[in-house]
Amino acid sequence: MNKNTILKVKIEDYTEEGFGIARHEGYVLFIPNTVAGEEAEILVVKAGKRFGYGKLLKLLSPSPFRVEPACPLFPRCGGCAFWHLDYQEELRLKEKKVKDCLARIGGIDAPLSPILGAAEQRSYRNKAQFPIRNVRGRIQGGFYAPGSHGVVGGAPCAIQPALFNEILQWTLSFMEKEGISAYEEEGYTGLVRHLYLRCGVEEKEILACLVVNGKDFPQKERFAKALSDAFPQVRTVVINYNDRNTNVVLGKESEIILGEGFMEDLLLDKRYRIGPQSFYQVNHGQTEVLYKKVLEYAALKGHERVLDLYCGIGTIGLSLAEQCKELAGVEIVPQAVENAKENAALNQVENAAFFCADAKAAAARFAKEGRSFDLIIVDPPRKGCDQQTLEAICQMAPKKLIYVSCNPATLARDLKILREQGFELQEATPVDLFPRTHHVETIALLAR
């Protein structure tokens, strides 16, 4: 296969990232923005020995599942994969993705419950991280283009509140008026790197964090006052200092300029304080759906001891603390542990203790001390649990284990290990926390 070849192909299936899959004389091609069943004319834009990538030129036979994209940034922005797809078809392929991973990687013919779809597919994100760059002499803010750090802007994102785009455009205008430079990755020059926003339910409370390249931001006081004057919903403004050559958005040092440095949000009738560094799910409505399913799987009677590994600011554990005898939470980020303790006090939860430790070290310590738990909940990052953590969980031998996963592949890998150690998968439920993106969450219930 050669680059720049034009072909007529039929889309057969989807990759995990949501690209259409086609074959031409045995050669596999991945084509974004296509739908299974479609016939299309494509341009080969990248050709390897075994597979390549194509660009859609013309639809020859559109799928009945194809819809007109509702986001003006699609497909120029790399954040979403499925604006061209009917939502029910999106849910079908996400459910299939989870089932296929469990079968292929975990060797599990899973008792998979139907995916829990989102009532709202637009304006659901409560968090935005806008890169701000100097693009051909002009300040540009928005989103990264697919597969690059080129910044796409000029229109509101359909999965974020319209207010976020208004604050972004105001910030870009403020920078122009004040003569503030934007970051340039080539040479690591310029001042402002990102605008980071978080909002609570109904956008009544907003945290704004400006990430700057350096140790100071001379206009910080003027920026904070002018921003809060323009947008009264902005209750706190933080400047984060990040002068490292890194793709990580936030640096280690932050300075509170306005407010208390955190916002509060209500989740399943509990109030949480959330700072710039706090992990907090981006879809409020679907997070409540997910946590209700965790509560259903836990089926607590009031006498149980519960361990919440990778607990973050404590949201999962605190949502069920009133239904158990004792809750222990473990998180490696010190600020998150402090937030979890504050959140327990804020909600008058007295049977919870939170520890700052690596999940595997804490699990191993609990196992060595002979501490037993009736239920262990794990909600690891995309890389899943490591071998030592899984071994310690098995050594503690809880009656139940609930695994919350944002990556079906690592979930399947870990479930295979747990099954070999005597756990049985009772049920698994996919949850669509991220409509229009290729990501899918899964909750798995295991018992010994």
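The values are calculated or read from the model by the stated rules, or taken from the named source; none is laboratory data. Since we're looking at a predicted model, the values are computed, not measured. Here Cβ is always computed from backbone atoms with ideal geometry, including for glycine, and neighbour counts include all displayed protein chains.
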- Message: Please go through (1) under 28 Å from ASN165 (Cα atoms); (2) of a type in the set (Lys, Arg); (3) in contact (Cβ under 8 Å) with a residue 40 or more places away in the chain for ARG66 and return the number of the only condition it doesn't satisfy.
- Response: (3)
- Determine whether the range 335-355 contains at least one residue that is in contact (Cβ under 8 Å) with a residue 60 or more places away in the chain, more than 17 Å from ASP269 (Cβ to Cβ) and either assigned to a loop (DSSP other than H, G, I, E, B) or out of contact with any strand residue (DSSP E or B) (no Cβ under 8 Å at 6 or more places or on another chain) (or both). yes
- Any chance you could count how many residues in the range 160-209 are of a type in the set (D, E, K, R), out of contact with any strand residue (DSSP E or B) (no Cβ under 6 Å at 6 or more places or on another chain) and modelled with pLDDT under 95? 5
- Message: Out of ILE21, ILE6, I need the residue that is surrounded by 16 or more Cβ atoms within 10 Å (Cβ to Cβ), of a type in the set (Val, Ile, Thr) and at pLDDT 95 or above. Which one?
- Response: ILE21
- Any chance the range 164-175 includes a residue that's in contact with a Cys (Cβ under 9 Å, 6 or more places away or on another chain), closer than 29 Å to PHE279 by Cβ, free of Cβ contacts under 8 Å to residues at least 24 places away in the same chain and not assigned by TED's automatic domain parsing to the domain that holds ASP432? yes
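Could you tell me whether any residue of the range 286-299 is part of a loop (DSSP other than H, G, I, E, B), under 21 Å from the mean Cα position of the chain (by Cα), within 24 Å of SER123 (Cβ to Cβ) and among the β-branched types (Val, Ile, Thr)?
Let us first name the residues in the range 286-299 that are part of a loop (DSSP other than H, G, I, E, B), namely 299.
Now restrict to residues that are under 21 Å from the mean Cα position of the chain (by Cα): none.
No - not one qualifying residue is present in the range 286-299.
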- Message: Name the residue that is surrounded by the fewest Cβ atoms within 10 Å (Cβ to Cβ), counting only residues in the range 112-138 that are in contact (Cβ under 8 Å) with a residue 60 or more places away in the chain and of a type in the set (A, V, I, L, M, F, W, C).
- Response: ALA119
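Criterion first (in the same structural domain as HIS439 (by TED's automatic domain parsing) and touching a Cys at 6+ places or on another chain (Cβ under 7 Å)) does GLU304 satisfy it? Write out each step before concluding.
Values: in the same structural domain as HIS439 (by TED's automatic domain parsing): yes; touching a Cys at 6+ places or on another chain (Cβ under 7 Å): yes.
Taking the combined requirement at face value, the residue satisfies it.
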- Sole miss for PRO75 among (1) under 27 Å from ALA409 (Cβ atoms); (2) touching a residue at least 40 places away in the same chain (Cβ under 8 Å); (3) more than 21 Å from the chain's Cα centre (by Cα) is condition (3)
- Task: Exactly one condition in (1) loosely packed, with under 14 Cβ neighbours inside 10 Å; (2) more than 22 Å from the chain's Cα centre (by Cα); (3) farther than 21 Å from HIS303 by Cβ is not met by LYS383; state its number.
- Result: (2)
- Which residue pairs have Cβ atoms under 9 Å apart, sit 6 or more places apart or on different chains, and have a first residue in the range 384-411 that is on the phi > 0 side of the Ramachandran plot and a second that is surrounded by 24 or more Cβ atoms within 10 Å (Cβ to Cβ) and among the polar types (S, T, N, Q)? GLY384/SER405
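Can you find a residue in the range 132-149 that is β-branched (Val, Ile, Thr), in a strand (DSSP E or B) and in contact with a Phe, Trp or Tyr (Cβ under 9 Å, 6 or more places away or on another chain)? Give the derivation first.
Restricting attention to the range 132-149, the residues satisfying the condition of being β-branched (Val, Ile, Thr) are 132, 135, 139.
In the following step, the residues that additionally are in a strand (DSSP E or B) were identified as 132, 135, 139.
Keeping just the survivors that are in contact with a Phe, Trp or Tyr (Cβ under 9 Å, 6 or more places away or on another chain) gives 132.
Yes; the residues of the range 132-149 include at least one that is β-branched (Val, Ile, Thr), in a strand (DSSP E or B) and in contact with a Phe, Trp or Tyr (Cβ under 9 Å, 6 or more places away or on another chain).
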